[in-house]
Amino acid sequence: LEARFEVRTNGNPASLIASVRHAVASIDPMVPINDIYPLPSRIRDSMAQQRLLAALSTGFGTLALLLAAIGLYGVMTHAVSRRTGELGLRMALGAERGDIIALVLREALHLVGAGLVVGVPGGFVAVRLLRAQLPGASTVDVPSIALALGVLVATAVVATLVPAIRAGRVAPIVALSGSES
């Protein structure tokens, strides 16, 4: 048989352990006392697995975001380098550096927009399929999805800025000659 009881205190619960042991022993010295722990530590210990899973999910999500940013940076750098001649011609014909940067950013945001058009509905479908596997799972968390989308768009803009700025710095004569500096 096992018995459990709780002791409520306004002070430090650890300071009452000796008093509780003495009180129980004064009633029946043969009653073993195995575990005495404060409720906050018990709650913290019971949540350890959930915290670990949340930390792992955060880590994998951050890694996925980093890989997406690196991939977008690589794609945009390649796309801009293939268009160096065209961008140089635009600058030779009067396009400003800001126009070139805006053009490259706009094209990157078109890519991101296409990804969102496909990805968001796909995510909702995946949530519906997973909800059948996870009884009691809540519905779609719109603020979390909005935050994730905002982070992805910001990441896309930041990952695209470097090649866009580099494209805007290319001298038109260098771009038209085909050798990039």
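The values are calculated or read from the model by the stated rules, or taken from the named source; none is laboratory data. In this text, all values refer to a predicted model and were calculated from it rather than measured experimentally. Please note: Cβ atoms are built from the backbone with ideal geometry, for glycine as well, and neighbour counts cover all protein chains shown. The protein model used for the area step is the full one, side chains on, heavy atoms only, and it has no ligands, DNA or RNA in it. Shrake-Rupley method; radii C 1.70, N 1.55, O 1.52, S 1.80 Å.
Rounded to the nearest Hz, the phi-derived 3J(HN,Hα) couplings of segment 30-36 under the Karplus curve 6.51 cos²θ - 1.76 cosθ + 1.60 (θ = phi - 60°) are 8, 7, x, 10, 8, 10, 10, where x marks glycine and proline.
Which of [x] 128, 22, 20; [y] 97, 37, 24; [z] 62, 32, 32 is the computed Cα extents along the principal axes in Å for the structure on display? It is the value labelled [y].
Peptides 97-104, 56-63 ranked from most to least packed, by the mean per-residue count of other Cβ atoms within 10 Å: 97-104, 56-63.
Based solely on its DSSP helices, what 222 nm [θ] is calculated for the chain when runs of n ≥ 4 H residues each add -39,500 (n - 2.57) and the sum is averaged over all residues, nearest 500 deg cm²/dmol?
Numbers: 7 runs with 134 residues, N = 181.
For the chain, the value works out to -25500 deg cm²/dmol.
Shape descriptor for segment 1-51: Rg over Rh equals 1.03 (Cα atoms; Rh from the Kirkwood inverse mean 1/r). For the chain, the solvent-accessible area works out to 74 Å² per residue, with a probe of 1.4 Å and every protein chain left in place.
Here each label is just a point 7 Å from Cα along the line to Cβ, and for A14 and H78 those points are 5.7 nm apart.
With a Förster radius of 41 Å, plug the Cβ-Cβ distance of L89 and V158 into 1/(1 + (r/R0)^6) and report the FRET value to the nearest 0.05. The computed FRET efficiency comes out at 0.90. Placing unit charges on each Cβ (+1 for Lys and Arg, -1 for Asp and Glu) gives the chain a dipole about its Cα centre, and among I33, S46, H110 the Cα reaching farthest toward its positive end belongs to H110. Using only side-chain charges placed at the Cβ, +1 for Lys and Arg and -1 for Asp and Glu, the dipole size of the chain relative to its Cα centre rounds to 240 debye.
Rolling a 1.4 Å probe over the protein heavy atoms of the chain, with every protein chain left in place, gives an accessible area that is 66 percent carbon and sulfur.
Highest mean packing first, where packing is the average number of other Cβ atoms within 10 Å per residue, the peptides 107-118, 70-81, 161-172, 2-13 line up as 161-172, 70-81, 107-118, 2-13.
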